[in-house]
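Everything on this sheet refers to the single structure shown next.
The values are calculated or read from the model by the stated rules, or taken from the named source; none is laboratory data. In this text the structure is predicted, and so the values were computed from the model without any measurement. With ligands, DNA and RNA removed, areas are computed over all heavy atoms of the protein, side chains included. Shrake-Rupley method; radii C 1.70, N 1.55, O 1.52, S 1.80 Å.
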Amino acid sequence: IYKKKFTPNEHAAAGATSLLGLSFITEGAIPYAARDPLRVIPALILGSASAGAISMYLGAELRVPHGGIFVLPIPNAVTNLMSYILALLMGTLITAVAIGVLKRNEL
């Protein structure tokens, strides 16, 4: 999405960045944030804070320190699994919308 808002190099890195994100490894966002910090960082904060607030409100808890979505099938790794997934999806959606609104076209 937002093909005009990212450089060709950023598009090329999207696959690896997505895999890192699914693993909850945030370093994949650094090149995007470093290139346009005044627009990208607020979008990331808004989405992350929203996901955290939603998960707390719904009583969802991740009991595993790392592993991303790949630990979700492990029994008792997450309390209130559907609420946790909802929080992740909502945080992702909010981040994507914020990027779309805040970030300027690159091309």
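Largest first, the residues K5, K103 sort by 1.4 Å accessible area into K5, K103. For E61, the accessible area of its heavy atoms, probed at 1.4 Å with every protein chain present, is near 90 square angstrom. Indicate the gyration tensor shape class of the range 49-107 (rounded, prolate or oblate), computed on the Cα atoms with a ≥ b ≥ c the square roots of the eigenvalues: a/c under 1.5 is rounded; otherwise a/b larger than b/c is prolate and the rest oblate. In terms of gyration-tensor shape, prolate. Going by accessible surface with a 1.4 Å probe and the largest first, Y32, Y2, Y57 read Y57, Y2, Y32. Taking all protein chains together and a 1.4 Å probe, the residues F70, F6 rank F70, F6 from largest to smallest accessible area. Based on alpha carbons, the Rg and Dmax found for the chain are 14.7, 46 Å.
Need the full-extension length gain, I45 to F24, defined as separation in residues times 0.36 nm minus the C-alpha distance. One decimal, nm.
Numbers: separation 21, 0.36 × 21 = 7.56 nm, distance 1.46 nm.
Additional length available on full extension: 6.1 nm.
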